[in-house]
Each structure stands twice: as structure tokens, then as C-alpha cells.
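Taking it in order: structure first as C-alpha cells, then the write-up.
The values are calculated or read from the model by the stated rules, or taken from the named source; none is laboratory data. Here the structure is a predicted model, which is why all the values come from computation and not from measurement. Using ideal geometry, Cβ is built from the backbone for each residue, glycine included, and neighbour counts are taken over all protein chains shown. Protein only, heavy atoms only, side chains kept; ligands, DNA and RNA dropped before computing areas. Shrake-Rupley method; radii C 1.70, N 1.55, O 1.52, S 1.80 Å.
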Amino acid sequence: MRQIACHVRVTGHVQGVAYRAWCRGAATARGLRGWVRNRDDGSVEAVIAGPEEAVEAMLTAMGEGPGAAQVTDVWSDPVDPGGVAPGFEIRR
């Protein structure tokens with residue numbers, strides 16, 4: 001299966017609702033690698049990489065997020081999957 005990666009930005013009410021922890025769990029469950037962090041502007045930023053089907057499913061899930069989140073938009077741009085380290089981490 002083809003490997004892809006995306007740089008993602010999620011806006012809305014996505015901080016203070018365990019979005020990053022949810023994201024790490026959802027990505028790990030899908031066998032994805034990458035990272036997620038809060039941005040100073042109130043959005044969440046992530047890089048996700050793995051099999052194309054799993055990345056697409058994760059992008060769809062990120063539009064919902066955890067129960068307390070209210071996602072407004074999800075933007076994604078392709079990046080080189082070769083530069084994404086193994087595992088999935090929450091960054092500061």
C-alpha cells in the first residue's frame with residue numbers, strides 16, 4: 001500500500017478538550033506515525049504518516065475529534081512521508 005504523509009491544522013474548540021491525547025490514540029490505533037501539538041492561536045497542528053487509506057481515515061476522524069471538541073475546519077497539505085519518525089508523540 002502506498003505511504004503518504006500530511007501536515008494538518010485543525011481549528012475550532014480543540015484545546016482543553018483532550019484533542020491531542022485523542023489524536024495520539026486514534027493515530028496509534030490506525031498504525032500511523034507522526035506528532036500533534038497545540039498552537040498559540042488556539043488551533044492544533046499535526047503531521048500524520050502511514051498507509052494512504054489509514055491517513056485518509058484519520059483526516060476524516062480529525063474532523064470530529066473527541067466528544068468535547070467542536071472542529072470548525074481541517075486543512076491538510078502533503079509532505080514527504082520519509083521524514084516522519086516512527087511512533088506518534090504529543091509535542092509541546
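Once fully extended, how much extra length lies between Gln15 and Ala29, figured as 0.36 nm per residue of separation less the alpha-carbon to alpha-carbon distance?
On the way: separation 14, 0.36 × 14 = 5.04 nm, distance 2.15 nm.
Difference between extended and current length: 2.9 nm.
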Using a Gaussian network model of the chain with C-alpha springs under 10 Å, which one of Gly63, Gly25, Gly82 is most mobile by mean-square fluctuation? Gly82
Given the protein chains as shown and a 1.4 Å probe, how many square angstrom of Arg20 are accessible, to the nearest 10? 80
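Counting residues in region 17-65 as N, plug N into 2.2 N^0.38 Å and put the Cα Rg over that result. Working shown, then result.
Details: Rg = 10.3 Å, N = 49, 2.2 N^0.38 = 9.7 Å.
Taking N as the residue count of region 17-65, the ratio is 1.06.
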Quick one: go through region 46-84 and flag any residue whose amide nitrogen is under 18 Å from the point 7 Å out along the Cα-to-Cβ line of His7. 46-50, 59, 74-84
So what's the projected area for the chain, the Cα convex hull averaged over all directions, in nm²? 5.2
Once Ile90, Ile48 are ranked on solvent-accessible area with the largest value leading and a 1.4 Å probe, the list reads Ile90, Ile48
In degrees, nearest 10, the alpha-carbon axis of helix 52-62 is tilted away from the dominant principal axis of the alpha carbons of the chain by 0
Simple label model, 7 Å out from Cα along Cβ direction - Glu89 to Ala61, nm: 2.1
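For region 3-81, what does the relative contact order come out to in percent, with C-alpha contacts under 8 Å and a separation of six or more?
On the way: 161 pairs, mean separation 39.1, N = 79.
Relative contact order of region 3-81: 49 percent.
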What's the angle, to the nearest 10 degrees (0 to 90), between helix 19-29's Cα axis and the longest principal axis of the chain? 30
